Amino acid sequence: MVSPQHLIFAIPLLILLISTTSHLRLFDVEGRKLLAETPHNSEVKEEKAMWRAQIGSRPPRCERQCSTCSRCEAIQVPTNARVKNSAAARDEGHSNYKPMSWKCKCGNLIFNP
């Protein structure tokens, strides 16, 4: 019969043994190998990074848009939606979508960036 004192030492020893063998390559599965870094891959990565930077709407730099005011700030204003066909015109009353665009505000004046 196994005494409780032996179990106190045997169980942590068993856990330690299992955890150390998992660091070995016994249970390791080899996945798909990554492609080596080539000039073409780096160009594609740079192109994707530039594309991601352009996605979305960011405020413009409104510095020195007008010479008369000292502080220009970027604001969002609703744009005038153009209706191209009559089907879109009929549905206009049910939509709360209002496209916004960025403008530069200097005092009481609003400029295109």
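The values are calculated or read from the model by the stated rules, or taken from the named source; none is laboratory data. Note that this is a predicted model, so its numbers are computed, not measured. For neighbour counting, all protein chains shown are included, and Cβ atoms are generated from backbone atoms with ideal geometry for every residue, glycine included.
Table for the structure above
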| item | result |
| --- | --- |
| Cross-chain or 6+ apart pairs with Cβ under 9 Å, the stretch 60-80 first and at pLDDT below 75 and among the hydrophobic types (A, V, I, L, M, F, W, C), then part of a loop (DSSP other than H, G, I, E, B) and loosely packed, with under 14 Cβ neighbours inside 10 Å | CYS66/GLY107; CYS69/GLY107 |
| Scan of the stretch 1-21 for residues that are at pLDDT below 70 and surrounded by 10 or more Cβ atoms within 10 Å (Cβ to Cβ), ordered by number | THR21 |
